[in-house]
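What follows is one structure encoded as structure tokens, with my remarks underneath.
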Amino acid sequence: MSLIEEIRQAVIEGQAKAVVPKVEQALAEGVPADEILQKGLIDAMAEVGRLFEEGEYFVPEMLIAARAMSAALELLKPHLVEKGVEPLGRVAIGTVKGDLHDIGKSLVAMMLEGAGFEIVNLGVDVAPEKFVDEAKKGAQIVAMSALLTTTMPNMKNTIQALKEAGVRDKVKVMIGGAPVTQAYADEIGADGYSPDASSAVRKAKELLGV
Ligand code: B1M
């Protein structure tokens, strides 16, 4: 089994203690961080999702796999980011109300930070009013993540709350997350959608013209 495959397997099995030294070893051997991320970690979470759908995994297994992935992500962070000098703009990012999925949002936040954006990470289960507060405090982008079809409507609700607070035209709104699509972004009047963390960086730069 290759080292990447061992990392993937350890994440699927939720073995955070085994994942960390394996990721350290891969980095020391010169395996590119984005390869570890894609083939080791993100592929592993897709498999965890498949096992959950098939009834082989339950919520606790998903949770321990997520912990293993988060531990590995912390190690990769310094290798994934290119340091900017001046902040390119301020982004308030969070997973929408009712939704506790943290990893994809954190990855997007990490890549945006690395590209030179100032990040206000609001965490998970973020109510529309919190995004509105950050828009009022000067965030240039409100970035929302949703992993559940049942929580996606809170993206629309947040845009509505921004309108009602009179700050919709002061911010750009970008959205993403596994069930989210460009068509949904168009439908709810978001300014941008991106399918993954690296395209999120390109989209944020495009939205601010930086
Ligand atoms: Co949940 N879960 N989960 N879960 N979970 C999914 C999402 C699911 C698809 C699993 C499945 O059935 N195959 C399913 C959703 C079905 C649906 O709505 N269509 C599901 C379910 C049903 C649930 C519960 C309802 C289960 C239950 O209780 N019965 C429950 C809901 C809890 C809640 O939120 N209220 C639940 C709970 C959990 C855990 C807490 C156990 C755990 C999360 C732990 C944590 O985050 N700390 C968890 C996990 C781990 C998953 C899976 C397995 C993995 C998610 C993940 O981290 N992926 C997931 C299955 C899957 O996705 N295949 C699943 C890796 C991550 C890097 O990818 O988040 O997609 P992702 O982010 C990507 C892109 O989407 C994009 O960039 C990222 C990097 O490329 N992106 C953006 C994300 N946000 C973006 C924002 C942007 C731009 C791009 O701009 C702002």
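Filter region 186-202 down to the residues that are of a type in the set (Asp, Glu) and either buried (at least 21 other Cβ atoms within 10 Å of the Cβ) or under 15 Å from Leu80 (Cα atoms) (or both) and list them by number.
Asp196
So how many residues does region 183-210 have that are in contact with a Leu (Cβ under 9 Å, 6 or more places away or on another chain) and over 15 Å from Glu118 (Cα atoms)?
4
Conditions first: (1) in contact with a helix residue (DSSP H, G or I) (Cβ under 9 Å, 6 or more places away or on another chain); (2) more than 8 Å from the ligand (Cβ to nearest atom). Ile175 passes all but one, so which condition is the exception?
For Ile175, the exception is condition (2).
Can you find, within region 37-63, the residue that is least open to solvent (accessible area, probe 1.4 Å) among those that are near the ligand (Cβ under 6 Å from one of its atoms) and small (Gly, Ala, Ser)?
Only one residue tops the list, namely Gly49.
So that you can scan it fast, the table gives a plain yes or no per residue for (1) touching a residue at least 24 places away in the same chain (Cβ under 8 Å); (2) within 19 Å of Gly104 (Cβ to Cβ):
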{"position": "Asp125", "(1), (2)": "yes, yes"}
{"position": "Leu147", "(1), (2)": "yes, yes"}
{"position": "Gln160", "(1), (2)": "yes, no"}
{"position": "Asp169", "(1), (2)": "no, no"}
{"position": "Met174", "(1), (2)": "yes, yes"}
{"position": "Ala185", "(1), (2)": "no, yes"}
{"position": "Ala190", "(1), (2)": "yes, yes"}
{"position": "Leu208", "(1), (2)": "yes, no"}
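I need the full set of residues from region 186-210 which are assigned to a loop (DSSP other than H, G, I, E, B) and touching a strand residue (DSSP E or B) at 6+ places or on another chain (Cβ under 9 Å), in order please.
Those that are assigned to a loop (DSSP other than H, G, I, E, B) and touching a strand residue (DSSP E or B) at 6+ places or on another chain (Cβ under 9 Å): Gly189, Ala190, Asp191, Ser194, Pro195, Asp196.
Would a scan of region 64-74 turn up a residue that is near the ligand (Cβ under 8 Å from one of its atoms), outside the structural domain of Ser145 (by TED's automatic domain parsing) and without any contact (Cβ under 8 Å) to a residue 12 or more places away in the chain?
No, because not a single residue in region 64-74 is near the ligand (Cβ under 8 Å from one of its atoms), outside the structural domain of Ser145 (by TED's automatic domain parsing) and without any contact (Cβ under 8 Å) to a residue 12 or more places away in the chain.
Is it fair to say Ala26 is in a helix (DSSP H, G or I) and in contact with a Lys or Arg (Cβ under 9 Å, 6 or more places away or on another chain)?
no
Checking Glu5 against (1) without any contact (Cβ under 8 Å) to a residue 40 or more places away in the chain; (2) open to solvent by 70 Å² or more (accessible area, probe 1.4 Å); (3) of a type outside the set (Lys, Arg), which single condition isn't satisfied?
(2)
All but one of (1) hydrophobic (A, V, I, L, M, F, W, C); (2) closer than 23 Å to Ala46 by Cβ; (3) more than 8 Å from the ligand (Cβ to nearest atom) hold for Ala200; state the number of the condition that does not hold.
Here Ala200 clears every test but (3).
Can Gln25 be described as touching a residue at least 24 places away in the same chain (Cβ under 8 Å), more than 19 Å from the chain's Cα centre (by Cα) and open to solvent by 40 Å² or more (accessible area, probe 1.4 Å)?
For Gln25, the condition - touching a residue at least 24 places away in the same chain (Cβ under 8 Å), more than 19 Å from the chain's Cα centre (by Cα) and open to solvent by 40 Å² or more (accessible area, probe 1.4 Å) - is not met.
What's the number of the condition Ala183 fails, among (1) in a helix (DSSP H, G or I); (2) within 21 Å of Val210 (Cα to Cα)?
(2)
Out of all the residues in region 70-88, which are surrounded by fewer than 22 Cβ atoms within 10 Å (Cβ to Cβ) and within 18 Å of the chain's Cα centre (by Cα)?
Residues of region 70-88 surrounded by fewer than 22 Cβ atoms within 10 Å (Cβ to Cβ): 70-71, 73-88.
Of everything in region 70-88, those that are surrounded by fewer than 22 Cβ atoms within 10 Å (Cβ to Cβ) and within 18 Å of the chain's Cα centre (by Cα) turn out to be Ser70, Ala71, Leu73, Glu74, Leu75, Leu76, Lys77, Pro78, His79, Leu80, Val81, Glu82.
The values are calculated or read from the model by the stated rules, or taken from the named source; none is laboratory data. In this text the structure is predicted, and so the values were computed from the model without any measurement. Cβ atoms come from the backbone with ideal geometry, glycine included; neighbour counts cover every protein chain shown. What goes into the accessible areas is simple: the full protein's heavy atoms, side chains included, and nothing from ligands, DNA or RNA. Shrake-Rupley method; radii C 1.70, N 1.55, O 1.52, S 1.80 Å.
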